[in-house]
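Down below is the structure, laid out as structure tokens.
The values are calculated or read from the model by the stated rules, or taken from the named source; none is laboratory data. All figures in this text were calculated on a predicted structure; none of them were measured in a lab. Cβ atoms come from the backbone with ideal geometry, glycine included; neighbour counts cover every protein chain shown.
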Amino acid sequence: MGIYSYSKLNCYLQCPRKYKFAYIDKIRTEVKETIESFTGNRVHDTLKKLYRDLMYEKLNSLEDLLDFLRREWERKWNDGILITSKEYTRENYLKMAERFIRDYYKRYYPFNQSRTLAVEERILIDLDGTGRYKVQGFIDRLAYRDGGIYEIHDYKTNMTLPVSEYLENDIQLPLYAIGVKKRYHDVKEIRLIWHFLAFDKEVEIVKSDEELENIKRKVIDIIERIERSEEFPAKPSALCEWCEYKPICGEFKHRYRLEEKTLDDFLSDKGVQLVDRYADLVERRERFLEDIDKEIEKVKKELIDFAEREGLDTVYGTKARARIVKGKRLIFPRRDDERREKLKEVLKKHNLWEELADIDVYKLSKLLREGSLPVDVEEEIRSYQDVEEVEKVYLSRFREDKES
Ligand code: SF4
């Protein structure tokens with residue numbers, strides 16, 4: 001097994017097909033650097049200088065740092081950098097970067113909260129100690145405080161502040177913590193510290209040994225899953241918008257081809273015609289079924305009224321007879337009703353649970369598709385599955401997915 005990185009693992013989780021393009025087929029695309037990533041890199045350079053100089057007893061003034069930022073900005077700037085927003089210019093982004101540094105400087109000056117051990121430090125994490133599952137990463141700043149407290153600092157320049165659920169579930173810094181824990185013998189506690197520079201906000205989380213152990217298992221599981229994968233299905237999401245493989249991905253290839261066509265060629269494209277015809281037929285079927293359902297309800301009501309008026313239980317026709325039964329339907333608590341759990345307990349108490357509960361095969365298939373079960377559990381379950389080839393077409397109209 002090779003060496004993994006957080007971005008490699010994350011790529012697989014985001015979309016297995018993208019992972020295949022990037023890491024198996026090794027397809028290189030011409031990716032333009034965006035202004036956002038350029039800004040982030042220059043801010044990282046500046047904070048790296050701040051702390052590296054401090055390690056050599058040189059404390060830069062705020063003006064020194066801002067000068068450095070501007071110099072690096074000019075030196076590394078090139079006209080290929082992509083600015084997608086029409087509203088903001090290169091100068092807006094530079095001013096933003098200056099603000100990030102200014103706020104950070106004011107918040108932490110004189111930077112003696114902890115002792116920096118390294119900046120942009122490569123860390124190699126041997127997850128199970130056998131060298132089989134290796135992950136590498138770069139820590140923006142690794143620092144130490146008295147009493148065996150280590151800090152892993154990460155600088156974020158995104159313009160959105162992640163919700164706490166995202167930080168609780170993030171595996172990048174916990175992974176680095178596993179590596180730091182192995183590297184230093186005196187570790188008592190590792191603090192994971194995110195700096196959201198756009199909001200002048202610091203978020204700190206400490207993971208327990210048990211939580212780190214769970215993350216280790218989770219990452220081993222992802223690596224196992226990747227290594228055993230034979231298929232790398234597309235997983236379309238909002239993130240496709242930024243995927244460099246969009247023009248060659250089957251999810252979007254047709255759209256790209258159509259964009260190059262004239263209106264006439266577009267309308268006579270076989271794919272366009274087939275989808276339109278398919279969509280029309282599905283719509284017609286829906287309307288037809290709706291009308292039929294309404295008609296059935298109407299006749300049913302008339303039939304019940306007729307039987308009641310005439311004192312009949314069964315009414316006879318030429319093709320069939322209709323028996324009218326009036327009774328009561330039993331309704332038990334639904335999934336969202338808290339009494340459902342209590343009912344479950346009652347059934348279990350009277351040994352009826354085994355008899356009444358059944359496997360939710362839909363949910364089970366979903367769990368397997370999402371790969372959210374541990375690999376060994378998945379393997380055990382899969383030994384009972386049969387595979388049937390199916391072909392489905394999902395129509396997306398007005399943000400609505402319909403299977404037929
Ligand atoms: S465009 Fe979307 S579905 Fe296709 S490879 Fe990229 S992320 Fe995956």
### Options Arg141, Arg122: the member that is out of contact with any Leu (no Cβ under 8 Å at 6 or more places or on another chain), in contact (Cβ under 8 Å) with a residue 12 or more places away in the chain and assigned by TED's automatic domain parsing to the domain that holds Asp221
Arg122
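So that you can scan it fast, the table gives a plain yes or no per residue for (1) among the β-branched types (Val, Ile, Thr); (2) within 24 Å of the chain's Cα centre (by Cα):
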{"site": "Arg217", "(1), (2)": "no, yes"}
{"site": "Ile220", "(1), (2)": "yes, yes"}
{"site": "Ser237", "(1), (2)": "no, yes"}
{"site": "Arg257", "(1), (2)": "no, no"}
{"site": "Phe266", "(1), (2)": "no, no"}
{"site": "Asp276", "(1), (2)": "no, no"}
### Message
Conditions first: (1) modelled with pLDDT of 95 or more; (2) within 16 Å of the ligand (Cβ to nearest atom); (3) surrounded by 14 or more Cβ atoms within 10 Å (Cβ to Cβ); (4) not hydroxyl-bearing (Ser, Thr, Tyr). Phe199 passes all but one, so which condition is the exception?
### Response
(2)
### Task
May I ask you to list pairs of residues, at least six apart or on different chains, whose Cβ atoms are under 8 Å apart, with the first in segment 223-240 being within 9 Å of the ligand (Cβ to nearest atom) and the second being of a type in the set (Asp, Glu)?
Ala234/Glu251; Pro236/Glu251; Cys240/Glu251
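What number of residues in segment 19-47 are within 16 Å of the ligand (Cβ to nearest atom) and outside any loop (DSSP other than H, G, I, E, B)?
Count: 6.
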### Message
For the list (1) exposed (fewer than 10 other Cβ atoms within 10 Å of the Cβ); (2) within 16 Å of the ligand (Cβ to nearest atom), I need the number of the one condition that Arg255 fails.
### Response
(1)
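Okay, residues lined up against (1) in a loop (DSSP other than H, G, I, E, B); (2) within 16 Å of the ligand (Cβ to nearest atom); (3) farther than 24 Å from Tyr245 by Cα:
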site	(1), (2), (3)
Arg17	no, yes, no
Leu54	no, no, yes
Arg75	no, no, yes
Asp79	yes, no, no
Lys95	no, no, yes
